[in-house]
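Read-outs: derived from the displayed coordinates by stated rules, not from any lab. All values reported here derive from a predicted model rather than from experimental measurement. Reconstructed Cβ throughout: ideal geometry from the backbone, glycine too, with neighbour counts over all protein chains shown.
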Amino acid sequence: MMPKLYGLLKYSVILLWSAFVVAPFLWALTTSFKTANGVTGGPTYIPWLQYEPSLTGWRSLFGGAGGIDIVKPYLNSIVVTGSASAISLVLGTLAAYGLSRFDYRVGPAKNADVLFFFISQRIMPPIVLAIPFFLMLQFLGLLDSLLGLILVYIALLLPIAVWVMIDFFNNIPRQIDEMAMLDGCTPFGAFFRVILPNSLPGIIVAGLFCIIFGWNDFFFAFTLTFTDAQLLPVAVVALNSSVTPWWSLSASALISVAPLVLIAFLVERFLSRGNLAGAIR
Amino acid sequence: MARITLERVGHRYGHAPYALEPFDMVLEDGRSYALLGPSGCGKTTMLNIISGVVRPSEGRILLDDRDVTVVPISGRNVAQVFQFPVIYQSKSVYENLAFPLRCRRWPIARIKARVAEIADLLDLSGRLGKPAWQLTVDEKQLISLGRGLVRDDVAALLMDEPLTVIDPQMKFQLRRKLKAVSQKARHTVIYVTHDQNEAMTFADEILVMSAGKVVQRGTPQELFERPRTTYVGYFIGSPSMNVFDAEIGAGGVMIGGTPIAPGGALPSGLPTSGLRVGIRPEYASLAQPEDSDTLAATVVGVQDHGSVRIVEVAIGTARARLKLGRDIAPPSAQARIRLRRDKLCLFVDDHLIAAGI
Amino acid sequence: MPLHLENLSLARNGVRYLDRVDATFRRGRLTTVIGRTLAGKTTLLRTLAGLQAPDSGDLKLDGVSIASVPVWKRDVAMVYQQFINYPHLSVLENVAFPLLRRGLKAPEAQLRAEATLAKVGLSGFAARRPSQLSGGQQQRVALARALAREAPILLLDEPLVNLDYKLREQLREEFRGLFAEETKAIVVYTTTEPAEAMMLGDEIVVMHEGRILQVGTPVDVFERPASTAVAEIVNDPPMNILPGAVVDGRIALGSYRLALPAHLSRLAAADYRFGLRATDLHVDPASEIAGSLVFAEISGSETFLHVETAFGPLALQIEGIHDIALGTQVPIGFSTERLFAFAADGALVVAP
């Protein structure tokens, strides 16, 4: 009877937690199809029966009355986050491998100091970075441009990639690299043929972090762009007016989170295939 | 300290075959035991059942007369040392050793005395103030060991291959320390290992395990001289026991038609098939001219191990090894072999029937 | 000309791993390098492989310096202590990997990999990942990968040390067969175990603290160890070394006086260190030399008795498994015919 009670408790907790996670989505979904009347009418969830569904919220995202055009900022966000993440991942993986395997001396600085230099950029509050970034982009003529944003995002995401990857590489025995070289690989060959395939789970985790941080950034997107290179989080803000348009905000929230949910599902499937387990002991 | 009784204890994970087949066993208070076997033989499962990490799917466990079958590890009053050091890196050696006692609210003075005693035993006295992270892995494992030993009120001390991380050169010293310590502490100690050297050096009694079963329980000497099965004969000893197919004839036990122990006392009712004879390489030697009942052998190879030579011979279709001291010249192509009849083991269907004929 | 090391030295953080090492390794021979942990064995192999550059000295293969040839061009195969395989590749792919890197066509590489796997007894495991194998099998994969290449230089760094006892015994025997087929390669095998060094090696190199102490055939090194250090390293348990002297035509060991045996009859009166193998000592109830048993160790089929005597600790090796209580007074017998005599500085003077 003990195990039964335990099982009951276990599933109750899981159920409760799932409800806790799913409820906001449900709320956002129903709200996005409501109008002002529907929102003020209390907690209602079943369309047609409890409230009259409307596409007002969704229309306002695509150039509807009093709304915005979300397509361009959306594409901007995808381009900026995607390319900044990809470049950070490539550079970060190479840098982490170098720091994990070779001894560097930059003046008095050694590997650990170089590593700290990377992370130190994330220690400072964003506001401290914003002004120099602004001035630099201004000097380069890259304010309010996608290229400028990509550069800034690389600076922000690279430390994350380096930190995740170096931990991963440190856990792969050095003898594996050596073995590859004994087997006839150049150091680069060893990296690409042996180390990279064995670091796939780490690369995925690092990439995930980069995408999440990049996609969700508001502060730099807000300070370094005006109109042309507006990103999704900034564009969504423009929806707010004297009367909060809950329906539009809900729709935008759903559409913003969609790519992350999609990626989460893909990664989850990959991870649950057991590629992580047993790859490295 | 306590006597540990296992009654019809067996374990299987889900509906898989038994990882440990149901068995009865009593481990006496104050003795040291080794669970010895290759990986996957069930020895770690058995240790985990005793410690309470695993609840057996069948049977009862008693510590003295207390039924602890459903009591988790925290309630069993056992100490455990794992394969890898489990210590508090940030604390000093002293704090690490004192921790289990502090948790039990021992008075400070008593803790001090006890830690000093254990540190002395393990030669850690000079390093009590050092933070644990500064130590080598050997020293860290020594602390793990000390933590297992520091409580004098435990029912049993359980060790799961505690020398795995130790440098081969250090193993000798640590093994020696372990032995001394366990003799002095008079704990009931259960030691899991796949290394027969460790098991035989350390334990009063060894439980040889294979495929979820205890195949023999005995002192190191018993395992060596009277292996209950040919498997034990193979697993214990280096090189392994030689085993020949044998038959019963007019001359008693015979190998390939040659009587090896004429007139020997044989158990009655021996079957006509499945009979085998085992002899340790140490107890087979080159025959002297005056010896009778010797076997003709062809030398296949000689391995020089330094202090001894291992001579591989073919006797009929069977292969055997002799261990010869360096002072004995290795034979050339042909030789005659004598088996010490008091050391012969007679097996039927791979189970020992008689030792010495 | 074979592989020749000239005056190799390597130190890191004040520790000398290699100290003016000169050695020659010949084709078709297996050289075992024996020494304790930190003797410099692993560093020696890594230097041969090109994984570590020496501070000074040179390596020559057939008279041509290879010191500046990078690892990946050196064509050296190596098996590590740890079971090192590529985790993301199957067993077959692991063995084929170096073959493909050296330009073999895929079908040919696969055939050779399969043949080598059969040789090490892993035919049925080609499709598995290394992590699905036992330790012994993983090391067989590593061995197969090294053998399949047919590299001119094959290095094995204590390949059996992390395996359990029975497996070690079994693989050691298999190695004898496998290496007997290596008639063209230079094979260097490091170990801490005298029996392993003796049974596998065509030649033994004894190392200690970065230096080579002695080179010779197994029998040579075992029967005529150049110094007390060698005598300790090539015997397990280490040879007993007893400080003593020759006084008035007799051997003085502590308070004991023993007649000089024939082979020592020409020893001048001086201080010596006498060596006695553990196997040359036995329990002898008639002996007046005795000591207290401090530790008994059982190694497979032998019992090592560690006894504290008036002239220092002694180790005895006796055949079979014996149960003797600690603290027992053990009477010790030996024949003076078996005594080694070393000079006070450790150099061998006379061997029995």
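Assorted remarks:
- Mean separation of Cα pairs under 8 Å and 6 or more residues apart, divided by the residue count, gives chain C a relative contact order of 16 percent.
- Rounded to the nearest 5, the antiparallel percentage of DSSP beta bridges internal to the protein assembly as shown is 75%.
- Long-range amide H partners of B:Gln216 with built H, under 5 Å: B:Val208
- Length-normalised contact order for region B:232-355 - Cα pairs under 8 Å, 6+ apart - percent: 26
- 24 Å Cα-Cα reach of C:Lys60 towards lysines, excluding residues that sit fewer than 8 places from it in its own chain: C:Lys41, C:Lys73, C:Lys184
- Charge dipole (debye, nearest 20) of chain B; +1 at Cβ of Lys and Arg, -1 at Cβ of Asp and Glu: 1180
- Span from the region A:65-90 Cα centroid across to the region B:87-148 one, whole angstrom: 57
- Residues of region A:50-75 with an amide N closer than 18 Å to a point placed 7 Å from the Cα of A:Asn37 along the Cα-to-Cβ direction: A:50-58.
- For the protein assembly as shown, the mean residue ellipticity at 222 nm estimated from helices alone is -11500 deg cm²/dmol, where every DSSP H run of n ≥ 4 contributes -39500 (n - 2.57) and the total is divided by all residues, rounded to the nearest 500.
- Taking every DSSP bridge with both residues inside chain B, close to 75 percent are antiparallel.
- Within region C:315-340: backbone nitrogen closer than 12 Å to the C:Ala286 label point (7 Å, Cα to C-beta): C:333-334
- Comparing B:His15, B:His194, B:His305 in a Gaussian network model of chain B, where Cα atoms under 10 Å apart are tied by springs, the biggest mean-square fluctuation is seen for B:His15.
- Peptide C:292-299 has a mean shielding of 5, counted as Cβ atoms of other protein chains within 10 Å of each residue's Cβ.
- Peptide packing: for A:53-63, B:218-228, the average count of neighbouring Cβ atoms within 10 Å per residue gives the ranking B:218-228, A:53-63, highest mean first.
- As a length-normalised measure over Cα pairs under 8 Å and 6 or more apart, the relative contact order of chain A settles at 29 percent.
- Here r is the Cβ-Cβ distance between C:Glu174 and B:Ala296 and R0 is 45 Å; the resulting FRET efficiency, rounded to 0.05, is 0.95.
- Short to long, the 20 Å bins of the Cα pair-distance histogram for chain B hold 26, 45, 25, 4 percent of all pairs.
- Binned Cα-Cα distance frequencies in region B:232-355 - 10 Å width, integer %: 13, 46, 32, 8, 0
- Here region B:158-203 is assigned +1 on the Cβ of each Lys and Arg and -1 on the Cβ of each Asp and Glu. Its dipole about the Cα centre then comes out at about 360 debye.
- Protection proxy ranking of A:184-196, C:44-56 - average other beta-carbon atoms within 10 Å, highest first: C:44-56, A:184-196
- Averaged over the residues of C:276-287, the number of partner chain Cβ atoms lying within 10 Å of the residue Cβ comes to 1.
- 0 to 90° range, to nearest 10: angle between helix A:71-101 axis and chain A longest Cα axis: 20
- Per-residue mean of foreign Cβ neighbours for B:299-305 is 4 (Cβ atoms of other chains, 10 Å radius).
- Spatial offset of region A:230-255 relative to region C:250-296 amounts to 96 Å, using the alpha carbon center of each.
- Cross-link partners of B:Lys343 among lysines (Cα-Cα below 18 Å; sequence separation of 8 or more within a chain): B:Lys323
- FRET efficiency, 1/(1 + (r/R0)^6) with R0 35 Å, evaluated for C:Ala310 and C:Arg211 via beta carbons: 0.55
- Within the listed set A:Phe139, A:Phe20, A:Phe219, the Gaussian network model of chain A (springs between alpha-carbon atoms below 10 Å) gives the highest mean-square fluctuation for A:Phe20.
- Here the simple spin-label model places points 7 Å from the Cα toward Cβ, and for B:Ala265 and B:Ser332 these points are separated by 4.3 nm.
- Each Lys and Arg adds +1 at its Cβ and each Asp and Glu adds -1 at its Cβ; summed about the Cα centre, the protein assembly as shown shows a dipole of about 1840 debye.
- Estimated from the Cβ-Cβ distance and a Förster radius of 60 angstrom, the FRET efficiency linking A:Leu262 and C:Val350 is about 0.10.
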